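These notes concern the structure reproduced below.
Bear in mind these aren't lab numbers, they're just calculated from the coordinates by the rules spelled out. This is a predicted model, so every value here is computed, not measured. Because the Cβ atoms are built from the backbone with ideal geometry, glycine has one as well, and the counts that use them run over all protein chains shown.
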Amino acid sequence: MEDQEILAKFRDPASRNVAFNQLVRKYQSKVYWHVRKMVLNHDDADDITQDVFIKVWNHLENFRQDASLYTWIYRIATNECLSLLKSKRRKFLLPLTDITAELTTNLEADESLAGDEIELKLQKAILTLPDKQRLVFNLRYYDEMPYEQMAEVTGTSVGALKASYHHAAKKIEAQMNTD
């Protein structure tokens, strides 16, 4: 079902729940994996995904359609990820390297990567990036999101995103070649 149909059904109180269920089915997996690539912990990703859809439910009625529904949902998910990572740093008074170590531990325990040494090495290299650079890399590399959509999701200019992705790719390449 197209986003416009979902939005039209959502605006009708009689079909609101059905429309929201369709929206969740359409985007839940994409949102979960977008979040999971940032936080690397299944429970955190699950919680954030749930929070994202609660926010979508609460604010969908006021959605102005300045952006596509997809990028609006991704923006909410992105902000939730960055907030969680920031709060973990504050809560545990950890410097960036300690958060990276915690995320690396989560990554190494991830059964979905068991036996895939190259993917594990890539994920560890991605973890060395600052949060926003990691976000840009994940959106471009894994989600193959066009820079224009990324600009809507992150609120950053296309030029800055291209530069950020370039720097991230160079850092990852250097990291992959050192081990």
Report task. Please sort by residue number the GluC sites (Glu not before Pro) in region 1-69 whose DSSP state is loop and whose Cβ has at most 14 other Cβ atoms within 10 Å. Result -> 2
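Quote the FRET efficiency, to the nearest 0.05, computed for residue 67 versus residue 178 with a Förster distance R0 of 30 Å and r equal to the Cβ-Cβ distance.
On the way: r = 39 Å, r/R0 = 1.30.
That gives a FRET efficiency of 0.15.
Strictly over 23 Å apart at the Cα level, which of 26/86; 30/132; 124/170; 9/55 would you flag in this model? Write down the numbers at each step before the final one.
On the way: 26/86 29 Å; 30/132 19 Å; 124/170 14 Å; 9/55 18 Å.
Pairs exceeding 23 Å: 26/86.
With a cap of 14 neighbouring Cβ atoms within 10 Å, and only residues DSSP puts in a loop, list the chymotrypsin sites (Phe, Trp or Tyr not before Pro) found in region 119-179. Intermediate values should be presented prior to the final figure.
Numbers: sites: 137, 141, 142, 147, 165; in loops: 142.
Here the sparse-neighbourhood loop sites are 142.
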Report task. Starting from the Cα of residue 131, step 7 Å along the direction of its Cβ; do the same at residue 14; then give the gap between the two resulting points in nm. Result -> 4.5 nm
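Based on the Cβ-Cβ distance from residue 121 to residue 54, what FRET efficiency comes out when R0 is 30 Å, to the nearest 0.05?
Details: r = 36 Å, r/R0 = 1.19.
The value I calculate is 0.25.
Starting from 0.36 nm per residue, how many nanometres of slack lie between residue 89 and residue 148 once their C-alpha separation is accounted for?
Values: separation 59, 0.36 × 59 = 21.24 nm, distance 3.04 nm.
Taking 0.36 nm per residue and subtracting the Cα distance, the gain is 18.2 nm.
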